[in-house]
Every structure is written in C-alpha cells, then in structure tokens.
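Report on the following structure.
The values are calculated or read from the model by the stated rules, or taken from the named source; none is laboratory data. Note that the coordinates shown come from a computational prediction; the quantities given were computed from them, not determined experimentally. Positions of Cβ are backbone-derived with ideal geometry, glycine not excepted, and every protein chain shown enters the neighbour counts.
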Amino acid sequence: MTPHFAELMTLAAAWLTYGILHSLLASLGCKAWFQARWPQLMHGYRIAFNVIAVVLLIPILVLEQSFDAVPLWSWAGTAKVIALSLIAVAILGFIWSTRYYDMSHFIGTRQWRDKKIATDDDAFTISPLHRFVRHPWYSLALVILWMRDIESTTLVTNLMVSGYFIIGARLEENKLIEQFGERYREYQRRVPALVPRPWRYLTTTEATQLATQITATLESTTCDRVVQHEKDHLK
C-alpha cells in the first residue's frame, strides 16, 4: 500500500464515519431516544444537529486539503466554460429553491425560538424543482461536485458523498413513506429521485393536487393517532 493510497483510504473512512453519524442523528429512533431522556431540550435538537454536522465537516475538509492530490481530470476550453456555467446554475438554483422552504425550521432556529418540539408532521409541498426530482438539493450538489476538476482526493470525496446522497435519500424516503403512506409512493413512481428524465415529471396542477392529497392523508393519520392516544389514556 502506497502512502498516498493510505491517505485516500483515511479520507474515505472519515467520510464514511461522518455519513453514519449524520444518518444516525437524523433517524427517528435517535430523536425518540433523545426526547425520552431530555424532553425539555428537544426543541433544540434540530439546530444542534445542524451545528454538529457543520463542525464535523470541517476536519474532513482540512484533511482533504492536507494531502498531496494527484491530478486526474481537468476541464479545458469550451468544456471548462460549460462546467463552470453548470456550477453557477446549480448554485443559483439552490439559492432560488430556498424560497420554497421554511429555512428557519430547516435550520432549527424557529423551534429554538418558540421553545417548540421539532416535528416532521408538516404540510407536504412540491416545489417547482420537486416536480422533476424528489431530492433537488442532492441533485444540485452532485452537479457542483462532478463539474469540478478531479484529483485523487476530490474523486474519493465525490464518490463517498454521492454514495451518501443515494443511501441517505433512500433512508429519508423510508421516513416519508411511514409519514405520508401510499400517496408518497405514488410521488416516487411519478418523479425520479436524483436525475431528471423528460418523461417523468409533474405538471403544476398535478403537483398541487398530489401535495393536497398527501397533506390530507397526513392530517387524517394525525387525527387517528390523537383519538387512539385519548382512548389509551382513558383505559
């Protein structure tokens, strides 16, 4: 094993550890465990989750920069212009898409400010980008990753992060299926996960109708849970 290969394996292991920890902290089981032990702190879970995610990301990026990378691929000429243009479009697309998210809820500041326990039981919305892919932020991030010049270290990072997006998207959707049921499965059948396809998308009207149906399903499920909780409490 060459020294550089060992460095690349160390970088891959760091990304793997980060991905496992990130998924664990995002899981419903971990949230339930935390809430059972420290319910008075649960309103800070989301913001703490995001802070931890950023803090743990820093040493990995420093580690990547500390290694002497071997150049593998560099865009040139017209290809360079196209690659940089796609990166710019992806960054602008990400910024534009934030208008369709409650960013204070996403970051966790709203839960912290209102001293309200974070919940995933929000109305289901299908933004313009969600009409074409189910995970637009992952898709935009993949464009940024793979349109860069590729070195040995960036290749490892790209592969590990891309793998995490694929696995993480599946784990996230398992929670969404549990939350929204068969209606979300219909959304899965009609819209691809990460790569847009011209023959699989929702029109604006279809997206609105499906989002309404999914939200109605959630409200019905939530009502049933409340009734069942009251019945259990009366026993």
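State whether the residues of the range 69-76 include one that is in contact with a strand residue (DSSP E or B) (Cβ under 7 Å, 6 or more places away or on another chain) and among the small types (Gly, Ala, Ser). There is at least one residue in the range 69-76 that is in contact with a strand residue (DSSP E or B) (Cβ under 7 Å, 6 or more places away or on another chain) and among the small types (Gly, Ala, Ser). Just one of the numbered conditions (1) surrounded by fewer than 11 Cβ atoms within 10 Å (Cβ to Cβ); (2) not in a helix (DSSP H, G or I) is not true of residue 54: (2).
From the list 152, 139, 162, pick out the single residue that is small (Gly, Ala, Ser), buried (at least 19 other Cβ atoms within 10 Å of the Cβ) and modelled with pLDDT of 90 or more.
Values: 152 fails: buried (at least 19 other Cβ atoms within 10 Å of the Cβ); 162 fails: buried (at least 19 other Cβ atoms within 10 Å of the Cβ).
Result: 139 is the single residue among 152, 139, 162 that is small (Gly, Ala, Ser), buried (at least 19 other Cβ atoms within 10 Å of the Cβ) and modelled with pLDDT of 90 or more.
Starting from the range 125-139, take each residue that is touching a residue at least 40 places away in the same chain (Cβ under 8 Å) and of a type in the set (S, T, N, Q) and list its partners that are crowded, with 20+ Cβ neighbours inside 10 Å and in a loop (DSSP other than H, G, I, E, B), counting only C-beta distances under 7 angstrom and pairs at least six apart or across chains. The qualifying pairs are 139/133.
Scanning the range 125-140 for residues that are assigned to a helix (DSSP H, G or I) and basic (Lys, Arg) yields one hit, 131. Just to be sure I understand, how many residues within the range 172-222 are in contact with a strand residue (DSSP E or B) (Cβ under 7 Å, 6 or more places away or on another chain) and either part of a helix (DSSP H, G or I) or modelled with pLDDT under 90 (or both)? Final tally of qualifying residues: 1. Looking across the range 66-100, the residues that are surrounded by fewer than 12 Cβ atoms within 10 Å (Cβ to Cβ) and among the charged types (D, E, K, R) come down to 68, 99.
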